[in-house]
1. Per the Cauchy relation, a quarter of the hull surface: what is the mean projected area of the convex hull of the alpha carbons in the stretch 187-300, in nm²?
2. With +1 assigned to the C-beta of every Lys and Arg and -1 to the C-beta of every Asp and Glu, and no other charges, what is the dipole magnitude of the stretch 40-197 about the Cα centre in debye, to the nearest 20?
3. For the full complex of protein chains and a 1.4 angstrom probe, list Asp237, Asp329, Asp323, Asp296 by accessible area with the highest value first.
4. Determine by what factor the alpha-carbon radius of gyration of the stretch 1-55 differs from 2.2 N^0.38 Å, reporting the quotient.
5. So if each residue of separation counts as 0.36 nm, and I subtract the Cα-Cα distance between Val321 and Arg336, what length gain in nm does that give?
6. Suppose every K and R has +1 on its Cβ and every D and E has -1 on its Cβ; what is the size of the dipole of the chain about the Cα centre, in Debye to the nearest 20?
7. Which of the trypsin sites (Lys or Arg not before Pro) across the stretch 1-101 are loop residues per DSSP, with 15 or fewer other Cβ within 10 Å?
8. Quick one: with all protein chains in place, what share of the accessible area of the stretch 56-189 is carbon or sulfur, to the nearest percent (1.4 Å probe)?
Amino acid sequence: MDKAIKNKFDELEKLIGSTPLAEITYRHKKSEPRTLYFKLEYFNLSGSIKDRMALNILKCAYENGSLSQDHVITEVTSGNTGISFCAIGAYLGHKVLIYMPDWMSEERKGMMRSFGAELRLLSKAQGGFKGCLEAVEELKKTDRQIFTPYQFENENNSLCHYENTGPEISLQLKKAFNKGAEAVIAGVGTGGTIMGLGRYLKAVNPKAKAYPLEPASSPTLSTGHKVGSHRIQGISDEFIPPILKLAELDEIIDVDDGDSIIMAQKITRTLGIGLGISSGANFLGAVKVQNMLGADKTVVSVFADDNKKYLSTDLLKEEPVKDGFLSPDIELLEYRAVTI
Ligand code: PMP
């Protein structure tokens, strides 16, 4: 790899990863206080967990020679991935071309444009997510200067969580709380987070559990195909991603999208930790896992991004409480944070 590029990757590694871990103490239905653990991933360079995989995919591609300075980085993305490639691509000196469904939030689109990227938006009628994937393949047939990270099938996506996020969690849990993770849960977008963390934690402790999470109103993982719709941006696209190996994981957990919105709002208002909707979903999923395994179990997850990209969405609106919601019975008490 060229020395100037290598130096840039060294700088990026200082601004991506090594995020704080928060221990959140809460009660469920007036239980004794319980704790859950979350990596605060909005601390990454462009504000989400996706910086980790974008950095790793680009670095590995430079190392194996499949990416060089004259390539246009082109990806299909529901938002955070695009923002990560736009930010890192800008610094590395690449043009970035993003394909995405047109119903994603305005904040996400604006952020990508602010890094100088070009956006191509496809409506539902134009094929939505699948249409975007097909459009990129068409483009590649005629233009050889396109580099496609293929986040849904690139093993360097989950590998960054196996090599970095997982070991960070183990280190932080041990150092600050003298604990080891017994279960992990994470909403599935590409599946990179749950596969990398699940494989790492199971390697450290073969009894550890790893649960993929999906929206109850759009259970793609349980049914194998796209059904219904949901509002948890960043998770559950229209197919089962190739890097997600359900056979290596434990059972699929589902959460309601309205419940996730209320939970994210509650954490934001009570603890002052501004969160996106998938983080509310991950919190509820972690509560469900603790209800299943035992209140004293050490359950970890991630807060994938913060609230800034959702200002025009239902996250900023009053969400009606429905029967069966968990969030109304959750009382948040305090947090303790640990850095690396
Ligand atoms: N939450 C948010 C906000 C995301 O943007 C993503 C990535 N699409 C995820 C969760 C899911 O992460 P992964 O792709 O690693 O499954």
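The values are calculated or read from the model by the stated rules, or taken from the named source; none is laboratory data. Because the structure is a prediction, the values reported are computed rather than measured. All Cβ positions, even for glycine, are placed from backbone atoms using ideal geometry, and neighbour counts span all protein chains on display. Surface areas here come from the heavy atoms of the whole protein model, side chains and all, with no ligands, DNA or RNA. Shrake-Rupley method; radii C 1.70, N 1.55, O 1.52, S 1.80 Å.
1. On the way: hull surface 28.5 nm².
Its Cα hull, projected and averaged over all orientations, spans 7.1 nm².
2. Details: 16 positive and 18 negative charges, 41 e Å.
For the stretch 40-197, the charge dipole is close to 200 debye.
3. Details: Asp237 20, Asp329 65, Asp323 155, Asp296 120 Å².
Highest to lowest solvent-accessible surface, that is Asp323, Asp296, Asp329, Asp237.
4. On the way: Rg = 17.1 Å, N = 55, 2.2 N^0.38 = 10.1 Å.
Taking N as the residue count of the stretch 1-55, the ratio is 1.70.
5. Numbers: separation 15, 0.36 × 15 = 5.40 nm, distance 2.90 nm.
Length gained, Val321 through Arg336: 2.5 nm.
6. On the way: 41 positive and 44 negative charges, 111 e Å.
The dipole of the chain has a size of about 540 debye.
7. Details: sites: Lys3, Lys6, Lys8, Lys14, Arg27, Lys29, Lys30, Arg34, Lys39, Lys50, Arg52, Lys59, Lys95; in loops: Lys29, Lys30, Lys95.
Answer by residue number: Lys29, Lys30, Lys95.
8. Working: 2800 of 5520 Å².
Carbon and sulfur together cover 51 percent of it.
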